[in-house]
2 protein chains.
Amino acid sequence: MKNLSPLVQNFVLHFGEMGSRWGINRTVGQIYALLYVSDRPLNADEITDALDFSRSNVSMGLKELESWRLVRLQHLPGDRREFFSAPEDVWMIFKTLAEERKKREVDPTLSMLRDAVITDVSDAGDKFAQQRMKAMHDLIELVSSWFTDVHKLDQDTLVQLMRLGAKVQKLLEFKGKLKIVAGGKKSAT
Amino acid sequence: MKNLSPLVQNFVLHFGEMGSRWGINRTVGQIYALLYVSDRPLNADEITDALDFSRSNVSMGLKELESWRLVRLQHLPGDRREFFSAPEDVWMIFKTLAEERKKREVDPTLSMLRDAVITDVSDAGDKFAQQRMKAMHDLIELVSSWFTDVHKLDQDTLVQLMRLGAKVQKLLEFKGKLKIVAGGKKSAT
DNA sequence: CACAATTTTCAGTAATTACTGAAATAACGT
DNA sequence: ACGTTATTTCAGTAATTACTGAAAATTGTG
């Protein structure tokens, strides 16, 4: 790791370690971290140079980051090389990450569960297993469609909701009461 | 994989694959899946038998699942062996998982970022990097403290909130208006 | 189109992580 | 305390995943 300040080096190394706890490997994590804190787009050689692993590894790492939509490729005028940068908006990054993980991990599971619960089974053990799968399916579906829904909200609303935290309960209770008063027959569900 | 119905076998295999995308390895994923759909606690030998890998591997896998608080150990009267089961409440499972991941992945990152942003730096590049780290820190802190907060809500409230989805925006707008009317000086933040 | 610069691919190898079997330890009943 | 049964540990090995260097492919330029 050449030419990296201790501050950046530390950040990069941490992301390397963390990366390997997720599906992403160490070098990919480091490349992303480097791009994230860089004040300008970097080309593959600069990354190779800064992080000290092979040029081909950087190439593969960048490909992987592109598949996660976490880096943007751009060309600088009068320069033939490809430059990479990490989008600046942290909320956008968060959303992208959530979307990709959902696509790769949640959706396949959901579809497996959906198939499983509509299978005809006679065995008592299978019946029980199916109930359990249904419970899991319903939870995942609820949470993940909530996620998709909430993605549509603009950033300010999202921040407002987060800041509200557990106090959202009061708001929901209040909403319940409103419904009773307004609708008469509707209960506070 | 002996004595497993196709339904269960499929579920178990899927969890094995998925497990390896997370930090958890294939066998641990399979053990959990098996316990999750089982209608009674199982002992280590039964698991070994059903999944066809070594007794010692099962032992290690169970230890790992215990460290994630995803399985419960219990003793059956008149039986010396240890029996394991997966807690039934899916919301509880989800919360446990979120808590553990937060503890293992988010908290260390947060603490690294906190240290990084309070470091004194003079270099312009470092100053920029620090800004970026601050943005990341603030987002993670917001989301993760929201998580902690929301954990305290009872299940029904949580489900209600999720069902509301993007409509929560209306509620927040309404809340804003209320504040203006009631407080006079308070703005709808 | 030929050449130079850049990026990608991929077979081979290194490093890491997962798994096993045997031995050690622990838990219990007599 | 002894023997039996259950569980854990751990060194060795297998399997997987990550990384490299050299060669191939691609891209742009005169």
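Only the coordinates and a few stated rules stand behind these numbers; no lab work does. Because the structure is predicted, anything quoted here is derived from the model rather than measured. For neighbour counting, all protein chains shown are included, and Cβ atoms are generated from backbone atoms with ideal geometry for every residue, glycine included.
Overview of results
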| read-out | value |
| --- | --- |
| Residue order, fewest to most beta carbons within 10 Å, for A:Ile47, B:Ile93 | B:Ile93, A:Ile47 |
| Rounded to whole Hz, the Karplus (6.51, -1.76, 1.60) HN-Hα couplings of the stretch B:138-144, x for glycine and proline | 5, 5, 4, 4, 4, 5, 6 |
| FRET efficiency estimate (nearest 0.05) - Cβ-Cβ, B:Leu178 to B:Glu105, R0 30 angstrom | 0.20 |
| Estimated FRET transfer efficiency (B:Thr119, B:Leu73; beta-carbon r; R0 35 Å; 0.05) | 0.20 |
| Point-to-point label distance, A:Arg26-B:Lys170, nm (Cα→Cβ direction, 7 Å offset) | 5.3 nm |
| Cut-off 15 Å between beta-carbons: net charge of the residues surrounding A:Thr119, Lys and Arg +1, Asp and Glu -1 | 0 |
| Trypsin sites (Lys or Arg not before Pro) within the stretch B:26-132, DSSP loop, no more than 16 other Cβ atoms inside 10 Å | B:Arg69, B:Arg80, B:Arg81 |
| Computed Rg/Rh of the protein assembly as shown, alpha carbon atoms with Kirkwood Rh | 1.02 |
| Helical contribution to [θ] at 222 nm, DSSP H n ≥ 4, -39,500 (n - 2.57), averaged over the protein assembly as shown, rounded to 500 | -21500 deg cm²/dmol |
| Folded to 0 to 90 degrees: helix B:55-67 orientation relative to chain B principal axis, Cα | 30 degrees |
| Descending semi-axes in Å of the stretch B:68-173, equivalent ellipsoid built from Cα gyration tensor | 38, 25, 7 |
| Extension reserve of the A:Glu82-A:Asp39 stretch, reckoned as 0.36 nm per residue once the Cα distance is removed | 13.9 nm |
| Summed side-chain charge close to A:Glu88 - residues other than A:Glu88 whose Cβ falls under 15 Å, Lys, Arg +1, Asp, Glu -1 | +3 |
| Neighbourhood net charge (12 Å Cβ-Cβ; Lys/Arg +1, Asp/Glu -1) for A:Lys2 | -3 |
| Rounded to the nearest 20 debye, dipole of the stretch A:37-189 from Cβ charges on Lys, Arg, Asp, Glu | 1120 debye |
| Cβ neighbours within 10 Å from other chains - mean over A:128-139 | 5 |
| Debye log10 I(q)/I(0) at q = 0.19, 0.27, 0.31, 0.33 Å⁻¹ for the stretch B:113-159, Cα point scatterers | -0.64, -0.92, -1.04, -1.10 |
| Computed log₁₀ I(q)/I(0) - Debye formula, equal Cα scatterers, no solvent, chain B, q 0.10, 0.18 Å⁻¹ | -0.65, -1.19 |
| Top of A:Ile31, A:Ile118, A:Ile140 by mean-square fluctuation, Gaussian network on chain A, Cα under 10 Å | A:Ile118 |
| Using alpha carbons only: equivalent-ellipsoid semi-axes of the stretch B:30-124, gyration tensor based, whole Å | 39, 15, 11 |
